[in-house]
1. How do the pairs read when you match residues in the range 23-38 that are of a type outside the set (Phe, Trp, Tyr) with residues anywhere that are part of a loop (DSSP other than H, G, I, E, B), using Cβ under 8 Å and keeping only pairs 6 or more apart or on different chains?
2. For the range 1-56, which helices (runs of 4 or more DSSP H) that fit wholly inside it have 2 or more residues that are of a type outside the set (Lys, Arg) and modelled with pLDDT under 85?
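The values are calculated or read from the model by the stated rules, or taken from the named source; none is laboratory data. Computed from a predicted model, the values in this text were never measured in an experiment. Virtual Cβ from ideal backbone geometry, glycine too; neighbours counted across all protein chains shown.
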Amino acid sequence: MSMLDKLKQMLRGHEDQASQGVEKAGDAFDARTQNKYQSQVDTAQQKLNDQLRRSDPPPPEQR
């Protein structure tokens, strides 16, 4: 099981809170870098949120 799979399993049911955390972390990074990497941060935030929102079926051990 990959690390991303483990994270998704842990965050299952808490996608909204995780998404808020991603946004907050990205905003903090933008503030510290004076928005120098804003487009890259926005892309990373979007990709992370897309991964969090994907509805994968639960692993066999949790069915």
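1. Taking only residues 6 or more apart or on different chains, the pairs are 30/37.
2. Because the criterion is at least 2 residues that are of a type outside the set (Lys, Arg) and modelled with pLDDT under 85, the helices (runs of 4 or more DSSP H) in the range 1-56 that meet it are 3-11, 38-53.
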